[in-house]
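J.: What follows is a structure written as structure tokens; I'll ask about it next.
Here, each number is a calculation from the coordinates, and none is a lab measurement. Note that the coordinates shown come from a computational prediction; the quantities given were computed from them, not determined experimentally. In this analysis, Cβ positions are derived from the backbone assuming ideal geometry, glycine residues included, and neighbour counts consider all displayed protein chains.
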Amino acid sequence: MSLQSYFLGVIGLVIILLLASSIARKVRLVDISDESRKEHIGAIPLVGGIGLFVSLIYGAFVFGVDVFYLYLLGSLLPIMIVGVIDGLHGVSVSPVYRVMAQILSSWIVIVATDIYIQDLGDIFGYGPLVIGQLGIPFTIFSVVGICNAFNMLDGKDGLLGSVSVLIMASLLLLLYFNNVIYQWAQIIVLSMLIFLAFNLDLFGRKRKVF
């Protein structure tokens with residue numbers, strides 16, 4: 001991936017977040033500090049996830065559109081739709097529907113690609129523990145669990161974004177030392193760093209996003 005692609009990606013994401021923030025305020029896709037547990041002041045646009053999604057689409061075209069990642073991007077739509085609706089001021093989506101969206105997203109990838117966890121590795125020292133078709137519900141359960149674990153982390157500025165960067169950067173380095181260049185991790189890390197710059201007020205409090 002060229003330096004030009006990185007530069008255009010960074011500039012593009014900054015512009016997208018600025019435009020999305022402006023639109024979010026008009027349609028009331030904001031988090032308003034109307035509860036005692038919330039520490040922020042005013043209405044903060046909820047556009048971080050939208051920006052990351054757009055970054056992944058950009059990465060798909062920069063790297064070449066791999067079929068697996070097309071399905072992966074498509075599978076994110078149920079979560080994106082539910083998330084946007086839930087983010088609208090005055091609208092609350094039941095946790096049941098959020099979990100259903102996560103299950104649907106996981107299921108779409110499995111059905112479209114036939115990729116799921118089929119064994120748990122040699123966890124007992126007697127060879128790979130093969131779980132076969134049980135891997136389908138196990139994979140869905142794992143993905144939904146990770147989604148909600150991340151949601152539980154969300155609430156303190158920079159916490160979830162920093163954890164995400166740490167996880168993806170660690171995976172990126174691990175694969176790099178095994179002679180594998182994981183380009184999607186690069187996109188996610190770079191995108192999360194841009195998000196953190198907005199989230200932590202590095203571009204000014206008026207441009208803060210969640």
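J.: Using the charge dipole of the range 37-134 (Lys, Arg: +1 at Cβ; Asp, Glu: -1 at Cβ; taken about the Cα centre), state which of Ser94, Ile108, Leu134 has its Cα farthest towards the positive end.
T.: In the range 37-134, that residue is Ser94.
J.: Within the range 140-210, which trypsin sites (Lys or Arg not before Pro) sit in a loop by DSSP and count at most 16 neighbouring Cβ atoms inside 10 Å?
T.: Within the range 140-210, the qualifying trypsin sites (Lys or Arg not before Pro) (loop, at most 16 other Cβ atoms within 10 Å) are Lys156.
J.: If I model a spin label as a point 7 Å beyond the Cα along the Cα-Cβ vector, how far apart are those points for Val27 and Leu104 in nm?
T.: The two pseudo-label positions are separated by 1.7 nm.
J.: Can you compute the modelled spin-label distance between Val111 and Ser170, with each label point 7 Å from Cα toward Cβ, in nm?
T.: Between Val111 and Ser170, the simple spin-label model gives 3.4 nm.
J.: Relative contact order for the chain using alpha-carbon pairs under 8 Å, separation at least 6, rounded to a whole percent?
T.: For the chain, the relative contact order is 22 percent.
J.: If I fit a long axis through the Cα atoms of helix 183-199 and take the longest principal axis of the Cα atoms of the chain, what angle between them do I get, 0 to 90°, rounded to 10?
T.: Roughly 30 degrees, rounded to the nearest 10.
J.: Sticking with this one: Let me check against my output: what whole-number percent is the relative contact order of the range 51-122, with C-alpha pairs under 8 Å and at least 6 apart?
T.: Once divided by the residue count of the range 51-122, the mean separation gives 30 percent.
J.: Follow-up question, since we're still on this one. Rounded to the nearest Å, what's the spacing between the alpha carbon centres of the range 148-184 and the range 66-119? Just the number, please.
T.: Here the two parts' Cα centres lie 19 Å apart.
J.: Follow-up question, since we're still on this one. So if I place +1 on the C-beta of Lys and Arg and -1 on the C-beta of Asp and Glu, and nothing else carries charge, what would the dipole magnitude of the range 70-210 be about its Cα centre? I want it in debye, nearest 20.
T.: 580 debye
J.: Grab the DSSP H runs of the chain that are 4 residues or longer, score each as -39,500 (n - 2.57), total them, divide by all residues and round the 222 nm result to the nearest 500 deg cm²/dmol. List each step's numbers first, then the result.
T.: Details: 8 runs with 134 residues, N = 210.
When only DSSP H runs of four or more count, the value is -21500 deg cm²/dmol.
J.: Next up: What is the angle, in °, between the Cα long axis of helix 3-27 and the longest principal axis of the Cα atoms in the chain? Nearest 10 is fine, range 0 to 90.
T.: 60 degrees
J.: Averaging over every viewing direction, what projected area does the convex hull of the Cα atoms of the range 76-206 cover, in nm²?
T.: So the mean shadow area of the Cα hull is 10.8 nm².
J.: Ranked from highest to lowest mean number of other Cβ atoms within 10 Å per residue, what is the order of the peptides 108-121, 171-184?
T.: Ranking, from highest mean packing down: 108-121, 171-184.
J.: Give me the angle, in degrees from 0 to 90, between the Cα long axis of helix 135-153 and the longest principal axis of the Cα atoms of the chain, rounded to the nearest 10.
T.: Approximately 30 degrees, to the nearest ten.
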